[in-house]
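First the structure, in the form of structure tokens, and then the observations on it.
The values are calculated or read from the model by the stated rules, or taken from the named source; none is laboratory data. Every value quoted in this text rests on a predicted model; they were computed, and no experiment measured them. Cβ placement follows ideal geometry from the backbone for every residue including glycine, while neighbour counts extend to all protein chains displayed. Just the protein is used for accessible areas: all its heavy atoms, side chains included, with ligands, DNA and RNA removed. Shrake-Rupley method; radii C 1.70, N 1.55, O 1.52, S 1.80 Å.
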Amino acid sequence: MSRTLQSALAALVLLAASLAQATVVAKLSTEQLTQKSHRVVRGTVKAAHSAWTPDRRRIVTYYQIDVLESFKGEGAVEVVVVGGEMDGVAAYPSGFAKMTPGEEVVLFLEKSPLQGFVPISMSAAVYRVARQSGQALVRRNLEGLSLAVLPPGGAMRLEEPKPIEPMGTLDEVRAAIQRGLGR
């Protein structure tokens with residue numbers, strides 16, 4: 001496929017997504033998220049607070065993560081995402097990776113240009129762990145996202161996912177992360 005055609009298709013996909021009020025992220029498996037991330041951790045959201053950026057043009061939310069298990073990388077984890085509420089102003093982009101203090105999560109993170117880390121694919125890189133009937137089940141919230149798929153030798157297409165995607169048990173997610181690490 002020519003570069004011009006690829007660019008035109010990419011522009012069309014972005015236009016379609018903007019019309020649908022969705023943010024476009026690449027569709028990535030757990031293994032691919034692991035490979036592309038600087039940090040992969042399981043932890044508990046310890047605290048959250050929002051603030052204006054120094055130029056007061058954006059609101060960002062900071063999440064302190066109490067790391068329970070580190071799969072890739074070491075050290076403390078502070079997650080920074082664009083969006084939040086400050087001074088009576090609410091700004092939440094589609095695909096906002098909102099987390100709640102006390103919530104158990106598995107995070108796929110890259111270094112943030114602001115500070116700390118950001119989820120590599122917005123809310124698609126935030127897996128939520130819920131304990132039910134003695135089992136740890138994992139899901140992710142894809143509301144507000146469109147997933148871009150570019151199969152080898154094929155044309156890019158958009159998928160509109162279900163708002164909540166089950167990812168399996170925590171042990172299954174751990175195994176997929178290990179595969180992503182080549183173990």
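I'm trying to understand the selection: among the residues of the range 63-90, which are of a type in the set (A, V, I, L, M, F, W, C) and open to solvent by 40 Å² or more (accessible area, probe 1.4 Å)? Across the range 63-90, the qualifying residues are V67, L68, A76, V82, M86, V89, A90.
Pull up the range 119-143, narrow it to residues that are charged (D, E, K, R) and touching a strand residue (DSSP E or B) at 6+ places or on another chain (Cβ under 7 Å), then point me to the one that is surrounded by the fewest Cβ atoms within 10 Å (Cβ to Cβ). That would be R139.
Determine, yes or no, whether G95 is of a type in the set (G, A, S), modelled with pLDDT of 95 or more and either surrounded by 19 or more Cβ atoms within 10 Å (Cβ to Cβ) or in contact with a Ser or Thr (Cβ under 9 Å, 6 or more places away or on another chain) (or both). When the stated conditions are applied, G95 does not pass them. Only residues that are surrounded by 14 or more Cβ atoms within 10 Å (Cβ to Cβ) and among the charged types (D, E, K, R) were counted in the range 151-171, giving 1. The set of residues from the range 8-57 being open to solvent by less than 40 Å² (accessible area, probe 1.4 Å), at pLDDT 95 or above and either acidic (D, E) or in a helix (DSSP H, G or I) (or both) comprises T30, L33, T34. Taking each residue of the range 69-83 that is under 11 Å from K111 (Cα atoms) and looking for partners that are modelled with pLDDT of 95 or more and open to solvent by 50 Å² or more (accessible area, probe 1.4 Å) with beta-carbon atoms closer than 9 Å, six or more apart or interchain, yields V77/Q64; V77/D66; V77/V67; V77/S70; E78/Q64; V79/Q64.
Whether a residue is touching a residue at least 12 places away in the same chain (Cβ under 8 Å), hydroxyl-bearing (S, T, Y) and either farther than 24 Å from I65 by Cα or loosely packed, with under 15 Cβ neighbours inside 10 Å (or both) was assessed, and S146 passes this test.
For first residues located in the range 156-174 and under 15 Å from V105 (Cβ atoms), partners that are open to solvent by 50 Å² or more (accessible area, probe 1.4 Å) and not in a strand (DSSP E or B) and lie 6+ apart or on another chain with Cβ distances below 9 Å form the pairs I164/E143.
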